[in-house]
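Values quoted throughout were computed directly from the atomic coordinates according to the rules given, and no laboratory measurement underlies them. No experiment lies behind these values; they were computed from the predicted model shown. Cβ placement follows ideal geometry from the backbone for every residue including glycine, while neighbour counts extend to all protein chains displayed.
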Amino acid sequence: MRKLKLHRPIAFIDLETTGVNVASDRIVEISILKLLPDHSTEVSTFRINPGMPIPAESSAIHKIFDKDVKDSPTFKQMAAQLISILDQCDLAGYNSNKFDIPLLVEEFLRVEADFDIQDRKLIDVQNIFHKMEQRTLAAAYKFYCNESLENAHSAEADVRATYEVLNAQLEKYENLEDSVAALHTFSSMSDFVDLAGRIVRDKQGVEVFNFGKHKGKPVALVFKNEPSYYNWMMDGDFPLYTKRVITKLRLKAFNK
């Protein structure tokens with residue numbers, strides 16, 4: 001059986017949340033499956049008090065209600081422990097590049113915890129799946145592992161299934177490289193500059209907008225010609241990480 005080639009640990013992450021808005025929703029449960037270079041695993045699962053009511057439509061999916069987390073620690077209280085668990089880890093998950101990792105980073109930024117994402121490789125098992133087979137997590141688990149996914153939308157069940165699916169993908173596709181760096185590149189759908197994909201690099205490596213009226217235009221040029229657009233984004237409902245990125249790009253342009 002082919003195994004992932006590891007130079008350092010990789011943490012598979014799955015979140016259950018109050019909703020799907022990266023900028024405004026909160027984590028209610030996080031499960032981390034940490035795969036060590038010797039291929040042993042450590043699983044940590046935590047309930048978190050989001051500090052806001054959990055919408056009924058979200059509870060209907062993950063079966064976590066306000067009463068279940070009322071005595072749980074807040075994310076601020078959990079931040080140091082989570083950073084310790086994730087120390088020196090690359091990150092992986094299912095739809096994690098678009099949702100789990102951006103939302104997790106938002107939570108850290110919100111409580112002013114130092115969680116650096118820059119030097120980590122990111123593997124999104126969903127992107128590998130979609131490039132190879134075009135299916136969902138439950139279908140992926142059935143397709144690759146020939147098993148039904150019990151307790152779907154339980155963070156720990158989903159994160160274990162994600163890890164098993166990646167192992168099965170490595171076994172099935174001989175042309176799929178088994179290094180973290182290669183899977184990071186393969187499972188990236190675009191060259192995102194921020195985690196939400198609002199800013200991407202074009203073929204020349206220039207940071208451009210990936211949404212709205214300025215889609216495809218260089219960020220530095222837009223901010224130069226229309227300074228109010230920067231202010232609009234900073235005042236808008238954009239993720240904190242996106243705001244950090246555009247601020248760095250604006251300062252970079254000023255210093256040239």
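Here are the numbers:
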{"quantity": "Cα gyration tensor shape for the chain, rounded if a/c is under 1.5, else prolate or oblate", "calculated": "oblate"}
{"quantity": "Which of 89, 192, 165, positive extreme of dipole for the chain (C-beta unit charges)", "calculated": "192"}
{"quantity": "Cα centre as origin, Lys/Arg/Asp/Glu Cβ charges: the range 31-137 dipole, Debye", "calculated": "340"}
{"quantity": "Fully extended contour minus Cα-Cα distance, from residue 52 to residue 21, at 0.36 nm per residue", "calculated": "9.8 nm"}
{"quantity": "Charge dipole (debye, nearest 20) of the range 199-254; +1 at Cβ of Lys and Arg, -1 at Cβ of Asp and Glu", "calculated": "200"}
{"quantity": "Modelled label reach - residue 61, point 7 Å along Cα→Cβ, the range 86-118 residues with backbone N closer than 20 Å", "calculated": "92-108"}
{"quantity": "26, 120 arranged by Cβ crowding within 10 Å, fewest neighbours leading", "calculated": "120, 26"}
{"quantity": "Filter on 172/243; 5/63; 121/215; 131/224; 63/215 - keep pairs with C-alpha separation over 29 Å", "calculated": "172/243; 5/63; 131/224; 63/215"}
{"quantity": "Relative contact order %, the chain, counting alpha carbon pairs below 8 Å whose residues are six or more apart", "calculated": "20"}
{"quantity": "DSSP beta bridges in the chain [antiparallel fraction, %, rounded to 5]", "calculated": "70"}
{"quantity": "Taking the range 104-256 and dividing mean pair separation by its residue count, relative contact order in percent (alpha carbons under 8 Å, at least six apart)", "calculated": "19"}
{"quantity": "Distance between modelled label sites at residue 111 and residue 235, nm, 7 Å Cα→Cβ extension", "calculated": "3.1"}
{"quantity": "Residue 224-residue 8 FRET efficiency (beta carbon distance; Förster radius 30 Å; 0.05 resolution)", "calculated": "0.15"}
{"quantity": "Options 240, 204, 251, ranked by Cα towards positive dipole end of the range 199-254, top entry (Cβ charges)", "calculated": "204"}
{"quantity": "Within the chain: Cβ-based charge dipole about Cα centre, in debye rounded to nearest 20 (Lys, Arg +1; Asp, Glu -1)", "calculated": "1060"}
{"quantity": "Estimated [θ] at 222 nm from DSSP helical runs (n ≥ 4, -39500 (n - 2.57)) normalised by residues in the chain, nearest 500", "calculated": "-12000 deg cm²/dmol"}
